[in-house]
1. Lys and Arg at +1, Asp and Glu at -1: add these up for the other residues within a Cβ distance under 15 Å of residue 68 and post the number.
2. Which net charge results for the neighbourhood of residue 45, defined as the other residues with beta-carbon distances under 14 angstrom from its beta-carbon, given Lys and Arg at +1 and Asp and Glu at -1?
3. Given the Cα-Cα distance of residue 14 and residue 50 and 0.36 nm per residue of separation, how much length would full extension add, in nm?
Amino acid sequence: MMPRPLLLVFLLLMIVITSQFEWKQQLVVDVDSTSSLSLKQRRISKGVETVKEKIILVQEKNIRRLNEVVRHLQQQLHQCRSTNNGTTNSTIVSLY
């Protein structure tokens, strides 16, 4: 009768030991997956930041171009006004 209870105790111990071993493995896998997820999230956020920076640079470049176009148009307007004033003055002088 002694061997049977010993066998049951041994089996019970084996079940407890193996189940704890499996839990530890699951914890290690969970920690690894969590760290890999956070690494992926960091990579994604870095990629998003890079895209945002590129968009900002393109917008700044477009703003500079628009400013140059505005300056050029202002110069043309100034020249047109000067030419127009000269023509008006010469017309007025010729009428007298």
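We did not get these values from a lab; they are worked out from the coordinates using the rules stated. For clarity, every value in this text was computed on a predicted model and none was experimentally measured. Quick reminder, even Gly has a Cβ in these numbers, built from the backbone with ideal geometry, and neighbours come from all protein chains shown.
1. Working: positive: 61, 64, 65, 71; negative: 60.
Overall, the nearby charge balance is +3.
2. After counting each charged neighbour, the total is +3.
3. Values: separation 36, 0.36 × 36 = 12.96 nm, distance 5.36 nm.
Fully extending the segment from residue 14 to residue 50 adds 7.6 nm.
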